[in-house]
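Below is one structure, written out as structure tokens; the observations come after it.
The values are calculated or read from the model by the stated rules, or taken from the named source; none is laboratory data. Because the structure is predicted, anything quoted here is derived from the model rather than measured. Virtual Cβ from ideal backbone geometry, glycine too; neighbours counted across all protein chains shown. Accessible surface is based on the protein model in full, side chains and every heavy atom, while ligands, DNA and RNA are left aside. Shrake-Rupley method; radii C 1.70, N 1.55, O 1.52, S 1.80 Å.
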Amino acid sequence: MKKIALASGILLHLHCIKAQDTIQVRNLKEDLTLLSSVDPIQQKTPFFQKEWVKKSVAPALLFTAAAATWGEKENIREVRNRYLPNFKVKYDDYLQYAPAVAVYGLKLAGVKGRNNLGRATLSYGTSLAIMAILVNSIKYTTKVERPDGSKNNSFPSGHAAMAFTNASFLHKEYGMVNPAYSIAGYGSATITGLGRNLNNRHWVPDILAGAGIGIISTELGYFFIDKIYKNKGDNLSILSRIQGNDYPSFLALKSGIALGTTNFLRESELDDKKQNGFEGGLEGAYFFSKKWGVGADITFSSFPIKSQRITIDDGQDFGNHELKTQSMGFLSAGIGPYFSHEFSDKWQLMVKLTGGYAATASGKVFVKGDDIDAPNHELQIARYKPKPAFRWNTGASMTYKFNPGVGLTFYTDYNQINSTIRYQFSDEIKDSDELDQELNNMIAKEKISYITLGLRLTAYF
């Protein structure tokens with residue numbers, strides 16, 4: 001009996017060893033099969049997903065925009081000269097440094113970022129050196145006159161380059177901690193660039209090119225230092241990312257076309273057609289849950305007014321003269337509830353209803369004719385001044401998210417403003433008591449409504 005038990009034990013032990021060998025052989029064969037089935041061509045990173053391509057997109061777009069707006073820089077400045085001709089607020093001299101100050105403030109407060117203080121400073125210093133070389137070498141080669149005529153060193157904008165270098169510095173160090181840091185940095189840089197235009201110190205192409213130089217300078221600065229220092233002094237391996245609350249709070253830049261649904265100057269009899277224009281602005285919302293939040297927007301919209309032939313009571317043309325009215329521009333702000341619904345991780349629907357005020361810029365009315373002895377054959381006969389009015393706005397948008405932090409949004413909004421416009425005529429008309437009383441007390445109440453269709457670059461935080 002003992003011999004049978006001993007023999008059974010030996011046979012069982014040998015069977016287990018054989019089974020283990022079989023399993024090992026089978027697993028090895030499977031591994032070899034899997035390795036041989038992988039196509040090495042499929043391992044290659046697609047072109048648009050290459051790291052250097054992704055980092056080049058923003059500067060390339062900014063440089064392209066600078067080139068595209070170069071021929072229109074005078075016309076763009078006329079918009080500034082009309083609506084804010086006396087703007088003199090030098091905040092841009094200081095705001096350009098705010099993102100860099102924020103980086104050092106956070107580090108001294110003990111908030112862990114991408115790199116320690118020493119390595120961050122070295123990367124920042126290298127970025128500044130590259131930016132300074134690029135900006136100054138181009139400035140004193142192109143010698144473009146500033147819009148205020150003060151110097152011939154307008155292109156590119158050094159303030160914009162500094163602001164976007166600093167914003168990219170904040171993004172590099174703390175954007176991976178929380179995207180709100182990146183939004184704040186690039187937001188302040190954008191406002192700095194806007195200030196350079198409003199203060200009449202730079203053309204729009206100067207600012208766009210400066211922004212592109214600032215971003216690419218920081219990318220190059222970090223590239224060189226990362227190559228030299230490798231993992232020395234960085235916190236990438238130990239940095240614990242601060243997660244958001246998964247609510248769709250956002251900040252967005254938006255731009256689109258505006259389509260008038262009413263004739264804006266119907267009661268004034270200065271136009272007989274619906275107008276088409278453009279819109280641009282900022283929009284954002286803070287969500288208290290995944291569905292509901294409160295948001296606000298600040299937008300500027302402009303509508304050109306088509307010239308009108310002058311006719312007399314019998315309907316005959318009054319020579320070759322026509323009435324020209326300067327474009328109508330609206331600076332609007334509103335606040336209200338927002339509702340969001342996510343169809344998937346990539347697609348998000350949002351609707352809103354806001355109310356606020358719209359300030360409308362004053363404008364001029366001209367008579368134009370070949371026989372008028374004046375510049376451009378135009379004679380100013382009146383000015384119009386709309387009163388600020390209540391604006392309500394409703395709209396819907398659909399966002400495609402490239403990743404949890406950034407998306408591209410198609411939006412459509414409906415806006416309505418009930419505007420009261422007062423007309424003041426020229427001194428010649430004031431000299432006549434009858435005409436002065438009839439015309440200079442003229443008030444027109446216009447119903448202004450329009451639909452906007454456009455795109456938003458949406459950043460979530």
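Some observations on this one:
- The HN-Hα couplings worked out from phi for region 196-210 by the Karplus form 6.51 cos²θ - 1.76 cosθ + 1.60 (θ = phi - 60°) are 5, 6, 5, 7, 6, 9, 8, 6, 4, x, 4, 5, 4, 5, x Hz, whole numbers, x standing for Gly and Pro.
- Coupling constants for region 298-308 follow from the phi torsions by the Karplus curve (6.51 cos²θ - 1.76 cosθ + 1.60, θ = phi - 60°), and in residue order they are 10, 10, 10, 10, 9, 10, x, 9, 6, 5, 10 Hz; glycine and proline get x.
- In nm, spacing of pseudo-spin labels at Asn86 and Trp292 (7 Å Cα→C-beta vector): 4.6 nm
- Within the accessible area of region 94-170 (1.4 Å probe), percent carbon and sulfur: 66 percent
- Met328, Met442, reordered so the largest accessible area comes first (probe 1.4 Å): Met442, Met328
- Couplings 3J(HN,Hα) for region 273-284, derived from phi with the Karplus relation 6.51 cos²θ - 1.76 cosθ + 1.60 (θ = phi - 60°), are 10, 6, 9, 10, x, 9, 9, x, x, 10, 9, x Hz, where x marks Gly and Pro.
- The figure for Ile257 is an accessible area of roughly 90 square angstrom, using a 1.4 Å probe on the protein chains alone.
- Highest average packing first - 365-374, 200-209, 448-457, Cβ atoms within 10 Å: 200-209, 448-457, 365-374
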